[in-house]
């Protein structure tokens, strides 16, 4: 190759390089610490427990819902759900204890998710390879049921805001929600859940 040809080739590569680099850009999304499915499982279970709990609590006069025993994101959702439930039953919410006729203290025994699965087939396992370490062979699922269940256990104590006398002890009430992932003959997969009403998803699966 002559020097002139080499220079022409270098010029072409130099002209194309910025475009090639631009065409290779990628976008990375950083997932949140908790999945939407986990949040839906817990919040749906909370909604179901709160509905029964609110039915048992007094809704007369001004009510202050004490948030002291409900911590974290799920606790805040349970607190908001209880306030909403009492409002829908005719209560007036007080902004503080000294403006309330009744104080409702909520407590949570469970706000979490259980996972359980059943497999007919061969589970994933590691095979030792000399000088390379273990190689994990994939699972072979002739039939698999993988269920995640949201569990909420909530209780509440209502007492007189002025003298501290017991008005009503309610609960514990339990709420449950589930999502099940099914696998058949390795490649056929579908899911079912009670998290959303039919038609809620923007692009529902054919089996829904």
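Before moving on, here are some points about what is shown:
- Scope segment 121-138; condition at pLDDT 85 or above and not in a strand (DSSP E or B); matching residues: 123, 124, 138
- Of everything in segment 160-205 that is crowded, with 16+ Cβ neighbours inside 10 Å and not in a strand (DSSP E or B), the residue that is modelled with the lowest pLDDT is 195.
- Here the condition is being touching a helix residue (DSSP H, G or I) at 6+ places or on another chain (Cβ under 9 Å) and in a strand (DSSP E or B); of 118, 141, 152, 78, it holds for 152 alone.
- Checking 66, 114 one by one, the residue that is surrounded by fewer than 17 Cβ atoms within 10 Å (Cβ to Cβ) and modelled with pLDDT of 90 or more is 114 and no other.
The values are calculated or read from the model by the stated rules, or taken from the named source; none is laboratory data. All figures in this text were calculated on a predicted structure; none of them were measured in a lab. All Cβ positions, even for glycine, are placed from backbone atoms using ideal geometry, and neighbour counts span all protein chains on display.
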